[in-house]
Every structure is written in C-alpha cells, then in structure tokens.
Amino acid sequence: MKTQVVQPEIAYAHTPDLVTWIHLGYVLVFTFFAYSPALSASFLNWDDVPYVVDNPVIRQWSFFNIKRIFTEYTFGNYHPLTILSLSVDYALGKLNPQVYHCSNILLHLGNTALVFFLVRKLNPSSLIALICAILFGLHPIHVESVTWIAERKDVLYTFFYFWALLCYAQYTREQKTSLYIYTLLLFLFSILSKAMAVSLPLILLAIDYLLKRKMFSRTVLMEKIPFFLMALCFGIVAIWAQKASQSIVENDPWNFAERIVLASYAFVQYLMKLLCPLELSAIYPYPEKSGQWIPLIYVTYVLATLLLVGLVLYSIRFSRAYLFGLLFFTASICMVLQLLPVGRFIMADRYAYIPSLGVFWIVAVSFQKIVTGFSSYRTLIVGVGFVYLALLAVGTYRQSTLWKEDLSLWNNAVQQYPAFAEAYNLRAHARIKHNDTVGAYADFEKCIVLDSANKAGYYGSRAGIKASVKDYIGALKDYSQAILFADSTKVYASSLYINRGSVYAQLKNFPAAFADFTRAEHFPVVDSDFFLNRGILFLEAGKYAEALTDLNQAIDQDPHAKDAYYHRAEVYYLQEKVHLALRDCNQAIKIDAAFAKAYNLRGLLEVKIEQFQKALSTFSLAIEADPLLAEAYYNRAYLNQSLGLTETVCGDMRQAYKLGYRSEAAYMQQICPN
C-alpha cells in the first residue's frame, strides 16, 4: 500500500537510551512484585470453574477440540484464542492455578512494556512513556483483569491490541504495506481473544488525529475500511453469543433516557477510580430506583460528563494531546457503558483495562507540563508523584491478595454493598466450596430478604446445594418454594421442575419424579438437558427403552453432551450390548479426556470382552482423572486379585473403602482383613 507520507505533528523518538531501558526494567520488576500474591491464588468459584476446571475442550490438543473452540460460543462469548491459551496452560500444568496466574502476569508485563513503546511512538518524551507504563502496570483497577484466571481474555486481547496500535503508529511514519498487514492481523488476533477489541478502528482514527494526518483524505479513510468491516462482523457475532447465553437483559427496567444517565454515571466513576482507586469491588450494583425514576443525584453525572468534555474541547486551542486521551478512553469504554444492557452489574474493573491508557496519557502529559512549568518546585512535585505511585503499588498488592480466594473477595463485596443480594449469593456459593453450609444458608436467607423479586432463584440455588450434600428432604422443600415464586412463563421454571424431579428420583419416588418431568415438558423450550435428565430417570427406573429414546434425543440436540453418551453407555452395558457401550464411552472420553466415570465404565466393558491388561490401564486412567473415584480403586483391585496380581490389591481396596465404597465391604474384608 504505497501512499504519500504525511508527516505527523509530533517528532518520533529515537531508540531509548540505556537509562530509559533500566527505568522500564524497574517498572516491570515493581509490577511483578505488586502482583506476586496472585502466584499463590486458587481458582475462583466465579467463572474459573467453567472456563478451566470443568472445561473439557482445554484438556486435550486434538482436531476435535480445536474445531469446537473455533466453532462454538464459550459461556456467552466467542474468544477462541483465549481458550487456546488456556489449553496451553493446561498442557503445561494441568489444574495447577499457579501456571494460569503466571501466564496472566507475564501477559500483563508484556502489555506494560507495549504501553511504553506505543507512547514513545506517539510522543518523543521518555518521561511520558514511563509514566504511562508505570501507571498501567501498577494501577489497582487492573487487578481483576490480571489475577482472575477467567479474565485471560482481557490481558490476551490487550497484548494483540497494543501491538497492533504500535504497528499502526510505525505505519503512519513509514507507510510500509507490511506494517499495515501486521496491524490488520494483530487486530484479528485481538478480536479472536475478546470482542471488546472492536473499538480498535476508532483508536486508529484517534491516532490519526493526534499525528495530524489528513483524516478525511481518501487514503486514510480507505485504510480503515477493512478494520471497520471486521469490527462489524465480530460485533454481530458477539451480540449473537450474548443472546445465546441470555446475557442481554430482557424487559429492561430502565428506559433509554435513564440508560444515558447510567452511562454518564459509569463514565465518571471509571475516571474517578482511575485517578483515585478507592472502594474497588468485584461487583458494582445498579442504583435503586426512587419510585418510577432514577434518583436525581445521578443526573449530576450527566452534567459532570458534559463539563469534562467541554474542558477537553477547550484545550484543543493549545494541544491535541488532551482530546486524544479523552478519545482513547471514550472510544474503548463506550461499548461497556450499559447502553445495551448486558449482565447484572453497572460497572466492572476489567472494562477499564485498555481505556485506562487514555487517562494515564492525560495524567502523564499534565505531569510533564507541571514539572516544566513549576521547575522551582520540581523536587516536591516529583516526590508527590512517587508517593502516589507507592500508594498504587500497595493498593495493587492488597487487591491482589484479596483476589487470592473467593471467600475474601465476596466478604469484601458484602462489606461494600451490604444491601446487594447478589454479593450474598456469590458468597454463599464460596462458603459451600469451603464446606460452610450453615454460613451459605444464612447468606441465602439474606438474599431472599433483600431481593424478593428473585426468590425463586435463591431458593433454587439453596435447594441445589442441599441436594449436593444429600439433604434431599430439604432440597425438595426449597425446590417447592422456588416453584411457588417462579414466573411460570420463564424457562427457568422448567429447570426447577426438572431438578425437583431428579431429587424425587434419588428418593426412589419415581411417580413424583415423572410427574415433575411431565410438567417441565409443557414449557416452550425443551433442551438437551431435559432429555438427558429424564433419560437418567428412566435408566434408574429400569425403563431402558425409554431411557435410550431420551438419551438419543439429548445427543441429537447437543452432539457434545458427554453425559448423554456416558449414560447411554450405561444402558447398553446393562443390556449386554458391549460394543455399543464401548463406542459411547470412547465418544464421551473424546469430548472430555478427564471423564473419570467414563474410563471406569470402559474398564468394566473391557473386562467383559476379556481385555484384562487394557482394563487395568483404563482403571488407572480413571483414577488419574479423579483420584477420589472410589469405585475405580475397587475395580482395579478386584481385577488384579482375579489375575493373581496381588501386590497392590489391598492398597487399592483400603483406598476405595476410605473414599466411601461399601458395596463389597464383606469381600474387601475377606481379602484384606486389616
């Protein structure tokens, strides 16, 4: 793409000198230490489990899984490169959270370095570049993006995003076609990591403005067409993904005028937290409505936004730098100001990850002007700057410590928003993870009091927890309460009947269970999970033909339903259709390479066809996938005993007994008396 070179307003910096490189090294070292608590952090109960712990597609590099990554949505998002990066971490460290946290921190360090080089391309001052880099590296608002494993998408898409901007800044100087192509490819990689990258074409225009390119020339406009087309396509995909996961709010309680007010509130709050990062939280609730209208105090945020924009526009008379910073911030954050309502919260710290650079640019330019204009107070001004940076570093360290485990995270949320039911809901699930059922139930009670409109959801969640600890009577009571409060027009009510029916099945009350599934079937959406759960119910009731019909239907609706393949294999096993059962076991394992129960069942099937050595290996694979699967230890012990390989038999039997396997207790005692 050979075009006339348009000289920018700002002279480009030469290669940084040794002192500048040393300063950048210090920035990266300080940033690493500020985030070091994350290296000992655990997986959180907030998205880390579905993204990593229970995500079968990251567990094995295969064409099958890679195809799924690039052709399916993941939890309401399309970000295949993010999932691929998690696959790399799984290959390196399985489920060791330290590996994932280390990758996030390394990406953040890379992003911090890219900030330095990008700013150097846009402004010749090493001081401005260093200030932007250290603010980006050390700011506490970035902790959510860096220390939350599920937010890998933030640090990854930013890496490609900043790199693309760096190539583009160089392209504006040299006009090399290769640099333009690199920019376009890096934009593609960024947008395949997170859809928020669709803002990049707007930032390219902001750079054109800063560098005084002829923005409305044919050449400059034609350059942007591929970027805007790509942004449009992937923006539509992102909306489809959000709709598919029902993340886009329906029946929005706020009208469009109120949405403008809320967007102004979020806009100003992001700015305030970037300048003074106090009271950071993992969640930020919407304001409570005062009657039919938003509280009037929030209207002042519209005025504050207009005043800020006016001041920046006034500054154009003296410099383009401030408007560039505002354009950078606004263009990259406008997508998440909840004008299109997505999710349950009005703000999120992670949304400020890239936009923060626009604010840091303004701070850095202002700091340099102050130091230059008040040279007699330079020592004092620089001293205040270092104190501010030290406070940021301490804040990041403390915030990283807060994100080490979910209970401390949600305790902080409850402390900051004691009237917000969702904070208690999230803490309740964290308490269950820590075996604090009493505390979890208390939190659910608080949810029910604070948020009467969503009683059905809270009763349903509590019922699920009771069922998981085998308190089936308590679970039935809570599911019945949930059904009482549920909106019968919502699909969610269907899942309540399904779950209650599954609890009845655990109590062997099959008539009541089938009655609940019949009620659930009357709802407009009957999905794969419905047929899976009813198929399991038929299986437990000994109705194998009906079970096969439903499990076949579940697989037809979701070809990746590993549990449907597994339970159909169980039916075939009971019907002595060994080869069909083996086929389904293998398919379940293909979908999830760590599916312990499927390995265990395959081992039993291999015993049936007298492939004993293969069965021993398969039982070992089951134990490797789930060291707590008691039945696999017993099956391996029994087979070894039958083959006369008695060396490890008692060890396996004792482990099976320790893990709760009692079905063959008399035989186990006979073989291993002690």
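Yes/no per residue for (1) more than 28 Å from TYR424 (Cα to Cα); (2) modelled with pLDDT under 85; (3) assigned by TED's automatic domain parsing to the domain that holds LEU135:
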{"position": "LEU274", "(1), (2), (3)": "no, no, yes"}
{"position": "ALA282", "(1), (2), (3)": "no, no, yes"}
{"position": "GLU288", "(1), (2), (3)": "no, yes, yes"}
{"position": "TRP293", "(1), (2), (3)": "no, yes, yes"}
{"position": "TYR301", "(1), (2), (3)": "yes, no, yes"}
{"position": "LEU307", "(1), (2), (3)": "yes, no, yes"}
{"position": "LEU340", "(1), (2), (3)": "no, yes, yes"}
{"position": "PRO355", "(1), (2), (3)": "yes, no, yes"}
{"position": "VAL359", "(1), (2), (3)": "yes, no, yes"}
### Summary
Scanning the stretch 149-192 residue by residue, those outside any helix (DSSP H, G or I) and modelled with pLDDT under 95 turn out to be GLN175, LYS176
### Task
Consider ALA164 carefully, then state whether it is over 23 Å from PHE75 (Cα atoms) and crowded, with 22+ Cβ neighbours inside 10 Å.
yes
#### Entry: Hits in the stretch 208-226 - residues which are surrounded by fewer than 21 Cβ atoms within 10 Å (Cβ to Cβ) and assigned to a helix (DSSP H, G or I)
TYR209, ARG218, THR219, VAL220, LEU221, MET222, LYS224, ILE225, PRO226
### Message
Against the condition on the phi < 0 side of the Ramachandran plot, of a type outside the set (Asp, Glu) and in contact with a strand residue (DSSP E or B) (Cβ under 9 Å, 6 or more places away or on another chain), how does PRO50 come out, does it pass?
### Response
yes
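So for the stretch 485-499 (the condition being in contact with a Ser or Thr (Cβ under 8 Å, 6 or more places away or on another chain) and in a helix (DSSP H, G or I)), does at least one residue qualify?
Checked against the condition, which is being in contact with a Ser or Thr (Cβ under 8 Å, 6 or more places away or on another chain) and in a helix (DSSP H, G or I), the stretch 485-499 yields no hits at all.
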#### Entry: Condition broken by SER620, with the remaining ones in (1) hydroxyl-bearing (Ser, Thr, Tyr); (2) modelled with pLDDT under 90; (3) under 33 Å from the mean Cα position of the chain (by Cα) satisfied
(2)
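Inside the stretch 414-484, counting only helices (runs of 4 or more DSSP H) that do not spill past its ends, which hold 3 or more residues that are farther than 28 Å from PHE523 by Cβ?
421-433, 437-450
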### Task
Return yes when VAL49 is out of contact with any helix residue (DSSP H, G or I) (no Cβ under 6 Å at 6 or more places or on another chain), of a type in the set (A, V, I, L, M, F, W, C) and in a helix (DSSP H, G or I) and no when it is not.
yes
### Query
What residue, among those in the stretch 257-296 that are within 20 Å of GLN416 (Cα to Cα) and basic (Lys, Arg), is surrounded by the most Cβ atoms within 10 Å (Cβ to Cβ)?
LYS273
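Here's the yes/no breakdown for (1) under 30 Å from ILE316 (Cα atoms); (2) outside the structural domain of MET347 (by TED's automatic domain parsing); (3) surrounded by 18 or more Cβ atoms within 10 Å (Cβ to Cβ); (4) modelled with pLDDT under 90:
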residue	(1), (2), (3), (4)
SER366	yes, no, no, no
SER376	yes, no, no, yes
VAL382	yes, no, no, no
TYR388	yes, no, no, no
ARG398	no, no, no, no
LEU409	no, yes, yes, no
GLN415	no, yes, no, no
ALA419	no, yes, no, no
LYS446	no, yes, yes, no
### Query
When you look at ALA569, is it surrounded by 18 or more Cβ atoms within 10 Å (Cβ to Cβ), in contact with a Cys (Cβ under 7 Å, 6 or more places away or on another chain) and not basic (Lys, Arg), yes or no?
yes
### Query
Scanning the stretch 298-326 for residues that are part of a helix (DSSP H, G or I) and among the small types (Gly, Ala, Ser), which turns out surrounded by the fewest Cβ atoms within 10 Å (Cβ to Cβ)?
GLY310
### Message
Looking only at the stretch 590-606, filter to residues that are of a type in the set (A, V, I, L, M, F, W, C) and under 18 Å from PRO50 (Cα atoms); which one of those is farthest from the chain's Cα centre (by Cα)?
### Response
ALA596
### Index of the failed condition, ALA238 passing every other in (1) touching a strand residue (DSSP E or B) at 6+ places or on another chain (Cβ under 8 Å); (2) under 28 Å from LEU402 (Cβ atoms)
(2)
### Message
Just to check your reading of the model, which residue among VAL88, VAL99, VAL57 is part of a helix (DSSP H, G or I) and buried (at least 20 other Cβ atoms within 10 Å of the Cβ)?
### Response
VAL57
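Listed residues TYR472, TYR544, TYR459; which is crowded, with 23+ Cβ neighbours inside 10 Å, aromatic (Phe, Trp, Tyr) and in contact (Cβ under 8 Å) with a residue 12 or more places away in the chain? Can you show your working first?
Numbers: TYR472 fails: crowded, with 23+ Cβ neighbours inside 10 Å; TYR544 fails: crowded, with 23+ Cβ neighbours inside 10 Å.
Selected residue: TYR459, the only one of TYR472, TYR544, TYR459 that is crowded, with 23+ Cβ neighbours inside 10 Å, aromatic (Phe, Trp, Tyr) and in contact (Cβ under 8 Å) with a residue 12 or more places away in the chain.
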### Query
What pairs can you find where one residue is in the stretch 239-256 and more than 10 Å from PHE75 (Cα to Cα), the other is part of a helix (DSSP H, G or I) and modelled with pLDDT of 65 or more, and their Cβ atoms are less than 7 Å apart, with a gap of 6+ or different chains?
ILE248/GLN242; TRP254/LEU262
### Query
Restricted to the stretch 1-47, and to residues that are among the β-branched types (Val, Ile, Thr) and at pLDDT 50 or above, which residue is surrounded by the fewest Cβ atoms within 10 Å (Cβ to Cβ)?
THR15
### Query
Of the residues that sit in the stretch 623-660 and are among the polar types (S, T, N, Q) and within 28 Å of ASP54 (Cα to Cα), which one is nearest to the chain's Cα centre (by Cα)?
GLN655
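Please state which one of GLU422, GLU405 is of a type in the set (D, E, K, R), in contact (Cβ under 8 Å) with a residue 60 or more places away in the chain and closer than 13 Å to ILE283 by Cβ. Explain how you work it out, then say what you get.
Working: GLU405 fails: closer than 13 Å to ILE283 by Cβ.
From the options GLU422, GLU405, the qualifying one is GLU422.
The values are calculated or read from the model by the stated rules, or taken from the named source; none is laboratory data. Remember, it's a predicted structure, so these values are computed and weren't measured experimentally. Glycine also receives a Cβ, built like all others from the backbone with ideal geometry; neighbour counts cover every protein chain displayed.
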